[in-house]
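Structure first, then comments.
The values are calculated or read from the model by the stated rules, or taken from the named source; none is laboratory data. Predicted, not measured: the structure shown is a model, and the values here were computed from it. Reconstructed Cβ throughout: ideal geometry from the backbone, glycine too, with neighbour counts over all protein chains shown. Heavy atoms of the whole protein, side chains included, go into the accessibility calculation; ligands, DNA and RNA do not. Shrake-Rupley method; radii C 1.70, N 1.55, O 1.52, S 1.80 Å.
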Amino acid sequence: MAGNLEDYRALGGVAFALVRDRSGTTQVTLKKGVADPVWFTLFGELPRESIVEVDGVVRRSEKSNRGVELFPSAVRVVSRSEVPLPLGVVDKVGADLDTRLDHRVLDLRKPAVRAVFELRGSVLAGFRRAFVERGFLEVETPKLLRQGAEGGATLFAVEYFDQRAFLAQSPQLYKQMLMGAGFERVFEIAPAFRAEPSDTIRHITEFTSLDAEMAYIEGAEDLRATLDSVVRDALGSAKKELTERGHPLAEKIPDLPRPFPRIPFETAEEWLGRPGAELDFGTEDEKTIGARAEAEYGSPFYFLVDYPTAVKLHTFYAWRDDANPRKTGYFDLGFHGIEIASGGPREHRIEKLTENMLAGGFDPKNFPGYLEAFRFGMPPHGGWGLGIDRIVWMLTGLSNIRETRLFPRDRYRLDP
Ligand code: ATP
């Protein structure tokens, strides 16, 4: 085997080296008179976390952590660690998050930290499976754009030869254009960039967005029913897979036997004691709504449905109800009081769409490629965007969304 030297203890006639690879930590036992005397010196002076290769015979052992120990026949140093370590890998005392993220490669060596990314990998695989089973095609849309879709405040401008471009805040416009291209059902799992000025535990500047778009929908409920079953299937299959592997985080994924409750925006406003206010929900509001939904429906997930137009004014692509233009078909999906997804039916009629653009302060002239998709036949369609980091964050119960990304980016962090 080969791995990192976690610890070495010499106790008279016997010495133990603990060597960690991704499957766990193995005890290597050196017995005086049996093991090569050189190895005692080698392990004794080798810094922790160096990489060693050990060949030998594995024997059952009641006393060692994995029920086996390795008696070496050959030992080789592969890569020597510098000292001191800026971050302990096996220290019992936890370092603060900034120190951990500054030395993320060492932090990621901790089995409990790696476990988060194993859970994340299973959740992503679960989503891919659930979409493919429903006839969705996986697509990749451009991340370098001329125009953003979610408003100017959170756009990152980049120099693009002799022009200015922006990093994609979402694949919104492109997934709609693919509905104009006749793809009917698409999904994308890709980075989205937001210049989030506020420093919160739930915002990062680069996150992974899971987006889907569907054509020929009859209304918002078609979208919700799909999102609802996709989330339940994806998490169900991730839980099954992790349980079969005996993964320590398998139990973090809740059983979700029933569809999620649909809570009208107006009901949530009443719960908050401000009926008819038509204001967007803030962080504390979302927490209150999440707790109430959990108490009333016994579900950690819940939809907030029928967002008022007043709250979605800048979401120019959101369909407004013709019979009641104060309402959109937009909904959010919440999980433990945190918004994890947002979506709804889109406006597919170009006249209405350009009206919405103007009402939201967008100039239709800036969106020629997008609008062209609506000029030559566009089916009714809709979709949603779901934050993978947010769902992993809520599943694991970690203190900060940054812990769900390998190398998180925020206002102050571009390195490592
Ligand atoms: P919020 O109000 O929480 O800032 P938003 O309304 O800006 O979110 P949307 O534009 O609706 O979010 O994006 C859809 C989903 O993308 C959100 O529900 C969330 O899961 C995720 N998301 C958006 N911005 C971020 C961010 N800065 N960091 C992490 N996830 C994000």
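Counting Lys +1, Arg +1, Asp -1, Glu -1, what net charge surrounds SER399 among other residues with beta carbon under 13 Å of its beta carbon? Local net charge: 0.
How much area per residue is accessible in the chain when the probe is 1.4 Å and only protein heavy atoms are counted (Å²)?
Solvent-accessible surface per residue comes out at 48 Å².
How would you classify the range 19-82 from its alpha-carbon gyration tensor, with a ≥ b ≥ c the square roots of the eigenvalues: rounded for a/c under 1.5, else prolate if a/b is greater than b/c, otherwise oblate?
The shape class here is oblate.
Comparing Cα centroids, the range 223-248 and the range 1-40 end up 40 angstrom apart. Of all aspartates and glutamates in the structure, the ones whose alpha carbon falls short of 17 Å from that of LYS352, not counting any fewer than 8 places away in one chain, are ASP321, ASP322, ASP363, GLU372. Please label the shape of the range 121-218 as rounded, prolate or oblate, based on the square roots a ≥ b ≥ c of the eigenvalues of the alpha-carbon gyration tensor (a/c under 1.5 means rounded; beyond that, a/b larger than b/c means prolate, else oblate). The shape class here is oblate.
Carbon and sulfur together cover what percent of the accessible area of the chain at a 1.4 Å probe radius?
Using a 1.4 Å probe with all protein chains present, the chain comes out at 53 percent carbon and sulfur.
Over 21 Å between Cα atoms, which of LYS31/LYS110; LYS143/LYS175; LYS239/LYS287; LYS175/LYS312; LYS63/LYS252 qualify? Too far apart for the 21 Å limit: LYS31/LYS110; LYS239/LYS287; LYS63/LYS252.
For the range 58-98 versus the range 373-403, the inter-centroid distance based on Cα atoms is 39 Å. Separation of the range 318-359 and the range 104-128, taken as the distance between their Cα centroids, equals 34 angstrom.
Based on DSSP H segments of at least four residues, each scored -39500 (n - 2.57), the chain has a per-residue ellipticity at 222 nm of -9000 deg cm²/dmol.
By definition, a body whose alpha carbon gyration tensor gives a ≥ b ≥ c is prolate when a/c is 1.5 or more and a/b is larger than b/c, and the chain fits this prolate description.
Ranked from largest to smallest solvent-accessible area, with a 1.4 Å probe on the protein heavy atoms, LEU145, LEU272 come out as LEU272, LEU145.
Restricting the trypsin sites (Lys or Arg not before Pro) of the range 289-359 to loop positions (DSSP other than H, G, I, E, B) with no more than 15 neighbouring Cβ atoms within 10 Å leaves ARG326, ARG349.
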